[in-house]
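Engineer: Let me give you the structure first, and then I'll get to my questions.
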Amino acid sequence: MALYRGFSLIWALLTHAFGRGPLAGSGVIFLTETGTFGNLHSEGWENIDNGLLEGIKSTGAQSVLVPRYGIMPQIVSVILSPDALPVGFEPRDATIIGAIG
(Lines give C-alpha, C1' and ligand atoms only; values in the text may rest on other atoms or scores of the structure.)
Protein backbone atom coordinates (compact mmCIF):
# COMPACT_ATOMS: atom_id res chain seq x y z
CA MET A 1 0.00 0.00 0.00
CA ALA A 2 2.37 2.67 -1.22
CA LEU A 3 -0.51 5.16 -1.40
CA TYR A 4 -0.99 4.86 2.36
CA ARG A 5 2.49 6.18 3.15
CA GLY A 6 1.80 9.48 1.40
CA PHE A 7 -0.96 10.36 3.86
CA SER A 8 1.50 11.46 6.55
CA LEU A 9 2.29 14.75 4.88
CA ILE A 10 -1.37 15.36 4.04
CA TRP A 11 -2.32 14.68 7.66
CA ALA A 12 0.32 17.09 8.87
CA LEU A 13 -0.84 19.83 6.50
CA LEU A 14 -4.50 19.37 7.44
CA THR A 15 -3.66 19.40 11.14
CA HIS A 16 -1.68 22.59 10.67
CA ALA A 17 -4.59 24.13 8.77
CA PHE A 18 -7.17 23.19 11.43
CA GLY A 19 -5.08 24.34 14.35
CA ARG A 20 -2.83 22.88 16.96
CA GLY A 21 -3.51 20.32 19.59
CA PRO A 22 -4.31 16.65 19.90
CA LEU A 23 -7.97 17.06 18.96
CA ALA A 24 -7.20 18.42 15.50
CA GLY A 25 -4.62 15.68 14.84
CA SER A 26 -6.93 12.94 16.08
CA GLY A 27 -9.76 14.29 13.96
CA VAL A 28 -7.68 14.31 10.79
CA ILE A 29 -6.42 10.75 11.39
CA PHE A 30 -9.97 9.60 12.17
CA LEU A 31 -11.40 11.09 8.98
CA THR A 32 -8.76 9.65 6.67
CA GLU A 33 -8.78 6.22 8.34
CA THR A 34 -12.58 6.04 8.13
CA GLY A 35 -12.46 6.67 4.39
CA THR A 36 -9.67 4.16 3.83
CA PHE A 37 -11.36 1.42 5.85
CA GLY A 38 -14.72 2.09 4.26
CA ASN A 39 -13.23 1.70 0.80
CA LEU A 40 -11.39 -1.51 1.63
CA HIS A 41 -14.33 -3.10 3.42
CA SER A 42 -16.79 -2.28 0.65
CA GLU A 43 -14.49 -3.94 -1.88
CA GLY A 44 -14.45 -7.05 0.30
CA TRP A 45 -18.23 -7.18 0.43
CA GLU A 46 -18.52 -6.67 -3.33
CA ASN A 47 -16.26 -9.64 -4.10
CA ILE A 48 -18.34 -12.28 -2.31
CA ASP A 49 -18.85 -15.41 -4.42
CA ASN A 50 -22.59 -16.09 -4.69
CA GLY A 51 -21.97 -19.65 -5.88
CA LEU A 52 -20.83 -20.61 -2.40
CA LEU A 53 -24.02 -19.17 -0.91
CA GLU A 54 -26.18 -21.09 -3.37
CA GLY A 55 -24.30 -24.29 -2.57
CA ILE A 56 -24.93 -23.91 1.14
CA LYS A 57 -28.61 -23.15 0.54
CA SER A 58 -28.94 -26.20 -1.70
CA THR A 59 -27.84 -28.49 1.13
CA GLY A 60 -30.86 -27.38 3.15
CA ALA A 61 -28.96 -25.29 5.67
CA GLN A 62 -30.89 -22.95 7.92
CA SER A 63 -30.96 -19.32 6.84
CA VAL A 64 -28.90 -18.36 9.90
CA LEU A 65 -26.05 -20.65 8.83
CA VAL A 66 -25.72 -19.26 5.30
CA PRO A 67 -23.94 -16.04 6.37
CA ARG A 68 -21.87 -17.95 8.94
CA TYR A 69 -20.47 -20.52 6.50
CA GLY A 70 -20.94 -18.70 3.19
CA ILE A 71 -20.04 -15.08 3.81
CA MET A 72 -17.83 -14.91 6.89
CA PRO A 73 -15.01 -17.15 5.58
CA GLN A 74 -14.78 -14.99 2.47
CA ILE A 75 -14.64 -11.58 4.16
CA VAL A 76 -12.87 -12.13 7.49
CA SER A 77 -9.38 -11.91 6.02
CA VAL A 78 -10.34 -8.97 3.81
CA ILE A 79 -11.71 -7.04 6.79
CA LEU A 80 -9.06 -7.91 9.39
CA SER A 81 -5.90 -7.47 7.32
CA PRO A 82 -6.37 -3.74 6.51
CA ASP A 83 -7.35 -3.08 10.12
CA ALA A 84 -4.05 -4.50 11.37
CA LEU A 85 -1.91 -2.49 8.95
CA PRO A 86 -2.22 0.97 10.55
CA VAL A 87 -0.98 -0.33 13.90
CA GLY A 88 2.55 0.00 12.54
CA PHE A 89 2.00 3.31 10.79
CA GLU A 90 0.04 5.28 13.37
CA PRO A 91 2.93 5.93 15.81
CA ARG A 92 5.09 7.21 12.95
CA ASP A 93 2.29 9.40 11.64
CA ALA A 94 1.53 10.74 15.10
CA THR A 95 5.19 11.71 15.46
CA ILE A 96 5.15 13.57 12.14
CA ILE A 97 1.93 15.38 13.01
CA GLY A 98 3.28 16.30 16.44
CA ALA A 99 6.49 17.66 14.97
CA ILE A 100 4.75 19.82 12.37
CA GLY A 101 1.71 20.83 14.41
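Engineer: If ligands, DNA and RNA are left out, what is the accessible area of residue 48 with a 1.4 Å probe, given in Å² to the nearest 10?
Structural biologist: 30
Engineer: Using 0.36 nm per residue, how much length does the chain from residue 34 to residue 81 gain when fully extended, once their Cα-Cα distance is taken away?
Structural biologist: Taking residue 34 through residue 81 to full extension adds about 15.4 nm, to one decimal.
Engineer: Oh, and also: Between residue 72 and residue 57, with labels modelled 7 Å along Cα→Cβ, what's the label distance in nm to one decimal, could you check?
Structural biologist: In this crude label model, residue 72 to residue 57 measures out at 2.0 nm.
The values are calculated or read from the model by the stated rules, or taken from the named source; none is laboratory data. Remember, predicted model here, so these are calculated numbers, not experimental data. Cβ: placed from backbone, ideal geometry, glycine included. Neighbour counts: every protein chain shown. To get the accessible areas, we keep the full protein, side chains included, count just its heavy atoms, and leave off ligands, DNA and RNA. Shrake-Rupley method; radii C 1.70, N 1.55, O 1.52, S 1.80 Å.
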